[in-house]
Amino acid sequence: MPFKAVLKELVSSVPGASGAIIADWEGEAVDQVGPMDDYNLRLVGAHKGIILGNLRAMLDRLGNDDLQEVVISTSDTKTLVVPITADYFLVLTGCRKQLLGKARFAARRCVSLLKREIA
């Protein structure tokens, strides 16, 4: 299954989601979908990749590098950052606060599919 199809399914399964992006360890976009414009979605992916990298480095210094997900909250929405492999991660942005559980479930399912595609 191509990345775009997996991402479209993810975004359509989470009401209010404004986009999903797969990026590599440098924050470069691999693929993305969503109503958010491509430039801003790539920018979100790159910035969330920096946060993920910093958290991974901190956990590594503490002797624990098993980061499962990061949730970034604003007053209106949640953004999920989920590692796919050591080199790739998924960002799902624009999730409504009340749908965080649904978004986390859908993102984990998406990551499971993407792991099979990347491996």
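None of the figures in this text is laboratory data; all of them are computed from the coordinates on show. Predicted model only: the values in this text are computed from it and were never measured. Reconstructed Cβ throughout: ideal geometry from the backbone, glycine too, with neighbour counts over all protein chains shown.
Net charge in the neighbourhood of T93 (other residues with Cβ under 11 Å of its Cβ; Lys, Arg +1, Asp, Glu -1) is +2. Ordering I50, I21, I72 by the number of other Cβ atoms within 10 Å of each residue's own Cβ, fewest first, gives I50, I72, I21. Applying the Karplus relation 6.51 cos²θ - 1.76 cosθ + 1.60 with θ = phi - 60° to the stretch 21-34 yields 3J(HN,Hα) values of 9, 9, 9, 8, 4, 8, x, 7, 5, 9, 7, 7, 9, x Hz, where x marks Gly and Pro.
3J(HN,Hα) couplings calculated from phi for the stretch 62-69 with the Karplus curve 6.51 cos²θ - 1.76 cosθ + 1.60 (θ = phi - 60°) are, in sequence order, 8, x, 9, 10, 9, 5, 9, 6 Hz; Gly and Pro show x. For the stretch 32-67 versus the stretch 85-111, the spacing of their alpha-carbon centroids is 12 Å. Computed from the C-beta positions of S112 and E28, the FRET efficiency with R₀ = 25 Å rounds to 0.65. Within the shell of other residues whose beta carbon sits under 15 angstrom from the beta carbon of F105, the net charge comes to +4, with Lys and Arg scored +1 and Asp and Glu -1. Close Lys pairs in the chain (alpha-carbon distance under 18 Å; sequence gap of 8 or more, or different chains): 6.
When you count the other C-beta atoms within 10 angstrom of each residue and take the mean per peptide, 77-89, 51-63, 33-45 line up highest first as 77-89, 33-45, 51-63.
Projected label points at R61 and N40, each 7 Å from Cα along the beta carbon direction, are separated by 3.4 nanometres. For the pair K102 and E9, label points projected 7 Å from Cα toward Cβ lie 1.8 nm apart. When log10 I(q)/I(0) by the Debye sum over Cα atoms at q = 0.19, 0.20 Å⁻¹ is computed from the coordinates, the matching label among (i) -1.06, -1.13; (ii) -0.96, -1.06; (iii) -1.15, -1.16 is (ii). Listing S75, S13 from fewest to most neighbouring C-beta atoms within 10 Å gives S75, S13.
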